[in-house]
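Quick note: the coordinates plus some simple rules give every number you see, no bench work behind them. Every value quoted in this text rests on a predicted model; they were computed, and no experiment measured them. Reconstructed Cβ throughout: ideal geometry from the backbone, glycine too, with neighbour counts over all protein chains shown.
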Amino acid sequence: MSVTAITETRQYLTFKLSDEVFAIDVAKVREVLEFSTITKIPRTPDFMSGVINLRGNVVPVVDLRLCFEMSRTDKTVNTCIVVVEVNLEGESTVIGALADSVEEVIDLEPEQIQPAPKIGTQIRTEFIHGMGKRDTQFIMILDIDRVFSAEELAAVRGSEVNRAPAEVVA
């Protein structure tokens, strides 16, 4: 969905990665969890932190900082897991995403959202839905369905299948 497709006020969950503020449409967010034990899975991509047991279901957890070529997320009192639902080829997949901290739910009007900057062909911005402006702060609105490539999501989905819930340490 392009920025021009946003014609009404929407709510976004804002969170921080390093000093940057990001946002996800609340319709994509299932819940926010305190940081818990993550079971590592061997031979998965670096961005894949492991899996958690969420009420008996195996949920893969990714480190968004690594997805965005930042340093690995450090565990602090504010570190949390944002559980989101992403679509890949019409199929819904639940993923946990590590965030340094969750800020708040905000309303953004269509006129407060601008298209993602186009900076040549070397920088990938297709996963940025737009840039929200609130007071003097810019907020990167993520198109969570596009943050991961098809290959990356296949690796995540493989970790869901290869792990039985009984083996996950909560």
- Item | Under 5 Å, built H, 5+ apart or other chain: amide partners of residue 134 | 139
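Ordered by packing density, taken as the mean number of other Cβ atoms within 10 Å over each peptide's residues, highest first, how do 38-47, 61-70 rank? Display every interim value, and only then the final one.
Details: 38-47: 14.2, 61-70: 19.4.
Result, highest mean Cβ count within 10 Å first: 61-70, 38-47.
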- Which whole-Hz ³J(HN,Hα) couplings does the stretch 60-68 yield from phi under the Karplus relation 6.51 cos²θ - 1.76 cosθ + 1.60, θ = phi - 60°, glycine and proline marked x? x, 10, 10, 9, 4, 4, 5, 4, 9
- Taking each pair of different alpha-carbon atoms in the stretch 31-72 once, compute 1/r for the pair, average those values, and report the inverse of that mean as the Kirkwood hydrodynamic radius in Å to one decimal. 11.1
- Message: Cut-off under 18 Å on the C-alpha distance; same-chain residues fewer than 8 positions from residue 40 excluded. Which aspartates and glutamates are left, in chain and number order?
- Response: 63, 74, 152, 160, 167
- Too-long pairs where the Cα-Cα distance tops 23 Å, listed order kept, from 16/133; 75/133; 75/118: 75/133; 75/118
- Message: Among 49-59, 93-103, how do they line up by average Cβ neighbours within 10 Å per residue, starting with the highest?
- Response: 93-103, 49-59
- What nm value, rounded to one decimal, do you get for the distance between residue 9 and residue 71 when each label is placed 7 Å out toward the C-beta? 4.0
- Under a point-charge model restricted to the Cβ atoms of Lys and Arg (+1) and Asp and Glu (-1), what is the dipole moment magnitude of the stretch 4-101 relative to its Cα centre, in debye to the nearest 20? 320
- Task: For residue 10, list long-range residues whose amide hydrogen, built 1.01 Å from N in the peptide plane, is under 5 Å from its own amide hydrogen.
- Result: 108
- Task: Quick one: which residues, 5 or more positions from residue 88 or on another chain, have an amide H under 5 Å from its amide H? H modelled 1.01 Å from N in the peptide plane, none for Pro or chain starts.
- Result: 93
